[in-house]
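Worksheet: the structure to be examined is printed underneath.
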Amino acid sequence: MGVEPENTLRSFVRADREGMDAIELDLHLSKDGHLVVMHDPDVDRTTDGQGAIADFTLAELRELDAGRGERVPTFDEVVEAVRGRLQVEIKDAAAAQALADAMTAHDLAGRVEVLSFHDEALTEMRRLLPDVPRVLVASHYGLGVVERAREVGAGMLSLNIRRLTLELADLAHESGLRVIAWTVNTPEELKLARGLGLQGVVTDFPGMKHTVRFTA
């Protein structure tokens, strides 16, 4: 988030209070198998630590400063802290089973969309929780991303707006897919998203909600 330390409880609570349509968070597995919320595969950029998340236990991650004194949150903590819809991105394909277990334990089927760059993660989620909506995320892609979405049973694409074309947006819509774009932080990017007829945008700034008719 552009106004709070990213992927912290502080940022999620603020986004929830700002009335965002959905809150996106990123999941990895700690060394001891806990679902922890962080964007990168390592802790270097967003904490005062160094190393891969997979090399830290949850207790060790708790000792890190994730910004303004915030600690690295778990998925369970985010679920308890916010009440809005969640877009949960699986960054580590191995986290699919743990996420499915947590969603079942918290009865989150009607509140969560599962996103991933990893086709295998979405395929596994379809096997584990077939009724949970799936979203294929892509940064470098061509028209073939539409067929990839079909193959993993995704109902939506979340795409890098810098590569998104009207041809692809139209093809996706004709195929019955919704399309959202990331990351839309400027009026120019918002204008492009509207021109492409997208169903939503991903933004780092909750204030964008007050200037658009749709957000994601």
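Assorted remarks:
- Odd one out for R213, checked against (1) surrounded by fewer than 21 Cβ atoms within 10 Å (Cβ to Cβ); (2) touching a strand residue (DSSP E or B) at 6+ places or on another chain (Cβ under 9 Å); (3) modelled with pLDDT under 95: (2)
- Checking G51 against (1) closer than 29 Å to L159 by Cβ; (2) surrounded by fewer than 22 Cβ atoms within 10 Å (Cβ to Cβ); (3) not charged (D, E, K, R), the condition it does not meet: (1)
- Residue-level check: of (1) in contact with a Leu (Cβ under 8 Å, 6 or more places away or on another chain); (2) assigned to a helix (DSSP H, G or I), E89 misses just (2).
- The range 123-165, residues that are part of a loop (DSSP other than H, G, I, E, B) and of a type in the set (D, E, K, R): D131, R162, R163
- Within the range 162-199, the set of residues being surrounded by fewer than 19 Cβ atoms within 10 Å (Cβ to Cβ), under 19 Å from the mean Cα position of the chain (by Cα) and closer than 28 Å to D131 by Cα comprises R178, T183, Q199.
- The range 54-73, subset of a type in the set (D, E) and not in a loop (DSSP other than H, G, I, E, B), residue farthest from S158 (Cα to Cα): E60
- Complete set of residues in the range 1-20 that are loosely packed, with under 15 Cβ neighbours inside 10 Å and either not β-branched (V, I, T) or not assigned by TED's automatic domain parsing to the domain that holds A66 (or both): G2, R17, G19
- If you go through the range 18-41 and keep only what is in a loop (DSSP other than H, G, I, E, B) and of a type in the set (D, E, K, R), you end up with E18, D21, K31, D32, D40.
- Against the test of being outside the structural domain of A172 (by TED's automatic domain parsing) and assigned to a loop (DSSP other than H, G, I, E, B), the options A109, A105 yield a single qualifying residue, A109.
- Residues in the range 83-97 that are more than 23 Å from S139 (Cα to Cα) and at pLDDT 95 or above were compared, and the one that is farthest from the chain's Cα centre (by Cα) is Q97.
The values are calculated or read from the model by the stated rules, or taken from the named source; none is laboratory data. Because the structure is predicted, anything quoted here is derived from the model rather than measured. Cβ atoms come from the backbone with ideal geometry, glycine included; neighbour counts cover every protein chain shown.
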